[in-house]
Amino acid sequence: MKKLCMLAAILLCTFILAACSNSDQESEKVKLTVSAAASLKDALEEIKQHYEKEHPDVSLTFNYGSSGSLKQQILQGAPVDLFFSAAIEPYDELVEKGIIEEGTNLLGNELALIVPTNNHSIKLFEDLATEDIHKMSIGTPETVPAGQYAKETLEQMNLWEAVESKLVYAKDVRQVLSYVETGNVDAGIVYKTDALVSDKVKIAATADESIHAPIMYPVGVIKESQNYDAAKSFYQYLQSENAIKVFEAYGFTVK
C-alpha cells in the first residue's frame, strides 16, 4: 500500500513538474500581435503554422478586420506589433503620424464580382443594374478598402445610381462573402482572393484595374512595439520566398 502511495506521489510530482515546465515555455515565448486586413486571413493562417514551427519561441496572434477599423484601433493605442493593410491610405496615415517606422508595399489583388454558384444570369458588372439583382453587398466604403474600390468602380462604370438602393453594406470583405454564400444577397464585390477560398460562390467578372485605384497591401512594424526585434524578423519573413509562395497560392500578386 505504501509503495502504491509513493508511486502515486511520484507520478503526481512528475505531472506537476511537466505542467510547470510547459507553462514556463509558453510564458517565455515572444507574443506578436498582427492587425491584418480580413482578406489576408487564409494566407496568414498558413504562414503562421510555418513560422511558429520554424520559430518555436514566437507565438503569433492575428487581429483581422477592415483596414480602416484596424487603423483606428492602433491610433487609439491598441497593443499591436505589425499592421498589414489592404489599402495604402490607412497605412500612410500611421506612417505620417510616426506610428509605423518601417514598411513596404508587398502585395496586390483584383476586384471581383461574385454570385452564388447556382446563379447563371449575372455575368457582367452591368447586370447589377437589372431586375435580376434585388440586393447586393459591398464593404462600407468609409472603412473597408474593398468597398471603396467597389464604389469607385461602380461610379466609373456609371452604375452607382442604379445600384445604390440595392446595397447592403458589410464590415469587411469576408462578411460580403458570407452574405453571398448564404444567399442573403444576389451578388457582392470582394477581392479575387476571397472568392477563390469559397466553393459556394463563383466569379462572374473582374474589374478593369484602370478604373479604380491600385489595390496595394502595405505592411509595417509599429514603432512602439514591445517586441520590436521579433516583429521586424516576422516582417522580413513575410517578404521571404516561402511566404511569397503562400500568398501567390491564395491568388495575391507580389509587388
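So the values come out like this:
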item: Other-chain or far-sequence residues with amide H under 5 Å of GLU102's (modelled H); result: VAL221
item: Simple Cβ-charge dipole of the range 64-116, Lys/Arg +1 and Asp/Glu -1, about Cα centre, in debye nearest 20; result: 200 debye
item: Rg(Cα) / (2.2 N^0.38 Å) computed for the range 49-137, rounded to two decimals; result: 1.58
item: The range 131-187 - Rg over Rh from alpha carbon coordinates, Kirkwood radius; result: 0.95
item: Size of charge dipole - the range 31-107 - debye, nearest 20, with Cβ of Lys, Arg +1 and Asp, Glu -1, no other charges; result: 240 debye
item: Sum of side-chain charges, VAL254 neighbourhood, beta-carbon under 14 Å (Lys, Arg +1; Asp, Glu -1); result: -1
item: Charge context of THR130, other residues only, Cβ under 12 angstrom, K/R +1, D/E -1; result: -3
item: Charge dipole (debye, nearest 20) of the chain; +1 at Cβ of Lys and Arg, -1 at Cβ of Asp and Glu; result: 1100 debye
item: Cα-projected label distance for GLU126 with ASN184, points at 7 Å along beta-carbon direction, nm; result: 3.2 nm
item: For the range 169-217 and the range 113-142, distance of Cα centres in Å; result: 10 Å
item: Where GluC sites (Glu not before Pro) fall in DSSP loop in the range 43-137, at most 12 other Cβ within 10 Å; result: GLU131
item: Simple spin-label estimate for ASP199 and GLU161 in nanometres, 7 Å along Cα-Cβ; result: 4.4 nm
item: At least 24 Å along the helix axis (C-alpha) and Kyte average at least 0.5, DSSP helices within the chain; result: 2-28
item: Whole-number percent relative contact order across the chain, with pairs defined as alpha carbons under 8 Å at least 6 apart; result: 27 percent
item: Per residue solvent-accessible surface (Å²) - the chain, probe of 1.4 Å; result: 51 Å²
item: The range 187-255 shape via C-alpha gyration tensor axes, a/c threshold 1.5; result: prolate
item: Residues with amide H under 5 Å from that of LEU238, placed H, sequence gap 5 or more; result: none
item: Cut-off under 5 Å, modelled amide H: who pairs with VAL30 long-range; result: VAL58, SER59
item: Heavy-atom accessible surface of the range 80-152: percent carbon and sulfur, 1.4 Å; result: 45 percent
item: For semi-axes √(5λ) of the Cα gyration tensor in Å, calculated from these coordinates, the label among (i) 28, 22, 18; (ii) 34, 22, 15; (iii) 42, 23, 15; result: (iii)
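The values are calculated or read from the model by the stated rules, or taken from the named source; none is laboratory data. Please read these numbers as outputs of a predicted model, since none were measured by experiment. Note that each Cβ is placed from the backbone with ideal geometry, even for glycine, and that neighbours are counted across all protein chains shown. Ligands, DNA and RNA are excluded from the accessible area calculation, which covers all protein heavy atoms including side chains. Shrake-Rupley method; radii C 1.70, N 1.55, O 1.52, S 1.80 Å.
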